[in-house]
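Bear in mind that the values in this text are calculations on the coordinates, not laboratory data. Treat the numbers as computed from the prediction; the structure is a model and nothing was measured. Note: ideal-geometry Cβ built from the backbone for every residue, glycine included; neighbour counts use all protein chains shown.
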Amino acid sequence: MPEKKIRVLIAKPGLDGHDRGAKIIARALRDAGMEVIYTGLRQTPEMIASAAAQEDVDVIGLSILSGAHNTLVPQLIELLKQKGMSDVTVLLGGTIPDADIADLKKAGVAEIFLPGTSTQDIVKFVRQHAARKA
Amino acid sequence: MSDPGKPANHDKTSRGTAPEKITERAAEFTTVSSHPIRRLYTPDDLSTWDPDRDLGVPGEPPYTRGIHPRMYRSRLWTMRQFAGFGSAQDTNQRFRYLLSQGQAGLSVAFDLPTLMGYDSDDALSEGEVGKCGVAISSLADMEALFDQIPLGDVSTSMTINAPAAVIWAMYLAVAEKQGVDWKLLNGTLQNDILKEYIAQKEYIYPPKPSMRLVIDTFEFGLRNTPRFNPISISGYHIREAGSTAIQELAFTLRDGIEYVEWGIRRGLEVDSFAPRLSFFFNAHNDFFEEIAKYRAARRIWYKTMTERFGAKSARSTALRFHAQTAGCSLTAQQPYNNVVRTALQALAAVMGGAQSLHTNSLDEAWALPTEFAATLALRTQQILAHETGVANIADPFGGSYFVETLTNEAEAAALDYIRKIDDMGGMIAAIERGYAQREIADAAYRYQTAVDRKEKIIVGVNEFTGEEKPIEILRIGESVRAQQSGSLRKLRAERSGEELQRQLDALRKAARGSENLMPHIYAAVKAYATLGEICAAMRDVFGTHEEASVT
């Protein structure tokens, strides 16, 4: 039987429209054989949580370059908890200052990928984490 | 159109050949945009190139060598550092500091809520107020932003697009309060909505009503602000989104063509508004490719304006541009390396004949710059201008076999794209079918794949890496939103609600018709309608744009 494909939601929360990174990651994960859903721009945490539930994803990848991560990411994680979706792996990519990383991880972000990360490192991380859960 | 010439086979000619047995570092050499670079360029590459026709002299058609006869010998480029963060008061202080340090012009960066037409106290603004630029929600904020800065003495560039008409109306209202004649105002609105759909994605309304607003500012500016550039047609963001240099060149110039067509369709005489169209390009890492891009841009624009639009005025045909070093080339790792990258990119912009320049700060892969980093970036330009000697001469690469060939190739490839977009029915049609967006996404992915495979090296990222200590970065707290919400509450309580409704209703009514909206927007601004209220009034009539995402 074919292995179940890993399902990933790539989302751009907040007002920022810079989607180069989100689109590259979406394509790299898809090229690696995963099922990728891209939300498009300007998603509120509520919209992302609903899309994640509806699409039954294993992983949510957030791309934030605007400095709004400390507000938006904890809101999303809280919503996932309320929906009983705490098992979904939340990843964050973007310009995240070192000083914020510990708190975001404590809030429940599985990993934070900074500018310059190879797409292959992200593919590897997603595979390992999704496999651990399966 | 120039013929790029037949590539010479240098293994078979007597000129400067390298024997086959000498091995090279790579199987193929390409620019950062993956444009192939041959081993050597010789007169054979320029066999159809005519220096009188294709090069000319600075200040004369086709302006390949620059738009002024003396270039930087008569006037240096304008050092224009983009700045804005936190509240209007915070940014006002940074502006006054930059002016005191010898900066010639102001350039305002707005925060994301402002760019999207939302007030600071809107629910959607949470977490974003003052983060990526300054928060401006009303005329009161604009008054604070330019407090003690005489608008008749500075030139101000404003990076604002979807709500550009509203922000411009606020600026004009501040000028009026300061008693400055609008006819003396100098500056530039970015106001390039097409590149928002293509690349940066800070759009509000659908393309057609958005274009109407742009042409409204052209028309209003012609009558009222003859020295203000109503638009800066921007390739910068197209490149930052991952395009190649040629895509940046082609899509930007095709956007320019679209604006000219819309202006003419409005009934404006081409030579009345074309002289005020300005451009904005990226200054990326590949030194010669960038120089060729700027040279080709001027030559294409000259030919386009004269041949396609029959422009007669020299100022309609000479392409003026601002350049900014490539933000996307900055690395979060080993951030001090960014000073070097920026200096080299700035050098390319100067060699390419830029009219004004912004140099990025070393910490901008992390956040908005600290005052230290912003000052160092300005000093980089001052060193280029005053110490290196590069400002002594116009177009130093004119006549180089290599740079002339690259210029010809950039022109030919850009014209191919422009023809393709013409065939689709213009830029809006190309945007609606996702053509430009897909070309850029493909190029961005190709580049990332090359970096992942180490076919392209980024120092400190995929090669020459090492442990490092974090640098100090600028932090913007959440207090700006609270402060802004407080002042907005006060503003809403103090203004005349009746006058406000009257102006917003008049704006809605005018938006349903076809008259110029600038006078109505100006009247609403003067009644202290907020940015969010004015943009919402137009949203009621125009609706909003949703893109079909291309991944």
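Averaged over peptide B:436-443, the number of partner chain Cβ atoms lying within 10 Å of each residue's Cβ comes to 1.
Taking Cα atoms only, the orientation of helix B:435-452 departs from the longest principal axis of chain B by about 60 degrees.
Rounded to the nearest 500, the 222 nm mean residue ellipticity of chain B from helices alone is -13500 deg cm²/dmol, with -39,500 (n - 2.57) taken per DSSP H run of at least 4 residues. Going by the alpha-carbon gyration tensor, a ≥ b ≥ c the square roots of its eigenvalues, is the range B:54-452 rounded (a/c under 1.5) or, if a/c is not under 1.5, prolate (a/b greater than b/c) versus oblate? The shape class here is rounded. Pairs from the table (B:177/B:509; B:177/B:526; A:23/B:131; A:106/B:131) lying more than 20 angstrom apart at Cα are B:177/B:509; A:23/B:131; A:106/B:131. Among residues other than residue B:195 with Cβ under 12 Å from its Cβ, the summed charge is -4 (Lys and Arg +1, Asp and Glu -1).
State, as an integer percentage, the relative contact order of the range A:7-133 based on alpha-carbon contacts under 8 Å between residues 6 or more apart.
Working: 196 pairs, mean separation 33.2, N = 127.
Contact order relative to length: 26 percent.
Seen from residue B:547, the other residues with C-beta closer than 11 Å to its C-beta sum to a net charge of -2, counting Lys and Arg as +1 and Asp and Glu as -1. Under the convention that each Lys and Arg Cβ holds +1 and each Asp and Glu Cβ holds -1, the size of the dipole of chain B around its Cα centre is about 940 debye. Each of B:295, B:25, B:315 has some number of other Cβ atoms within 10 Å of its Cβ, and from fewest to most they run B:25, B:315, B:295. Translational diffusion coefficient of the range B:270-406 (Stokes-Einstein, Kirkwood radius from Cα pairs, 20 °C, 1.002 mPa s): 133 µm²/s. Quick one: grab the alpha carbon gyration tensor of chain A, order the square roots of its eigenvalues as a ≥ b ≥ c, and give me rounded if a/c is under 1.5, else prolate or oblate depending on whether a/b is larger than b/c. Verdict is rounded for chain A. Overall shape: oblate for the range A:79-134, with the ratio a/c of the largest to smallest alpha carbon gyration tensor axis at 1.5 or above and b/c at least equal to a/b. Ranked by the mean number of other Cβ atoms within 10 Å of their residues, highest first, the peptides B:244-255, B:375-386 fall in the order B:244-255, B:375-386. Its residue count N sets the reference 2.2 N^0.38 Å, and the alpha-carbon radius of gyration of the range B:211-290 equals 1.21 times that reference. In terms of surrounding Cβ atoms within a 10 Å radius of their Cβ, B:535, B:132 rank from fewest to most as B:535, B:132. The packing ranking of peptides B:166-178, B:73-85, B:317-329, highest mean first, is B:317-329, B:166-178, B:73-85, where packing means the average number of other beta carbon atoms within 10 angstrom of each residue. Mean residue ellipticity at 222 nm, helices only, chain A: -14500 deg cm²/dmol; runs of at least 4 DSSP H residues each add -39,500 (n - 2.57), and the sum is divided by the number of residues. Each residue of the range B:533-541 was assigned a 3J(HN,Hα) from its phi angle through the Karplus expression (A = 6.51, B = -1.76, C = 1.60, θ = phi - 60°), giving 5, 5, 5, 5, 4, 6, 4, 4, 8 Hz with x at Gly and Pro.
For GluC sites (Glu not before Pro), the sites in the range A:1-95 that DSSP calls loop and that have at most 15 other Cβ atoms within 10 Å are A:3.
Normalise the Debye intensity by I(0) for the range B:16-155, one equal point scatterer per Cα, no solvent, then take log10 at q = 0.12, 0.22 Å⁻¹ and round to two decimals. Values, matching the q order: -0.78, -1.24.
Running Debye on the protein assembly as shown with equal point scatterers at the Cα sites and no solvent, what base-10 log of I(q)/I(0) appears at q = 0.05, 0.06, 0.10, 0.12 Å⁻¹? Each listed q maps to, in turn, -0.23, -0.34, -0.97, -1.41. Ordered by the count of other Cβ atoms within 10 Å of each Cβ, fewest first, A:88, B:350 give A:88, B:350.
Database remark: amide H of residue A:38 closer than 5 angstrom to the amide H of A:10 (H placed geometrically; neighbours at sequence offset of 5 or more, or on other chains; Pro and chain starts carry no H). Against chain B, whose longest principal axis is taken from its Cα atoms, helix B:207-224 shows a tilt of about 80°.
For helix B:88-100, what angle does its Cα long axis make with the longest principal axis of chain B, in degrees from 0 to 90 and rounded to 10? The angle comes out near 50 degrees.
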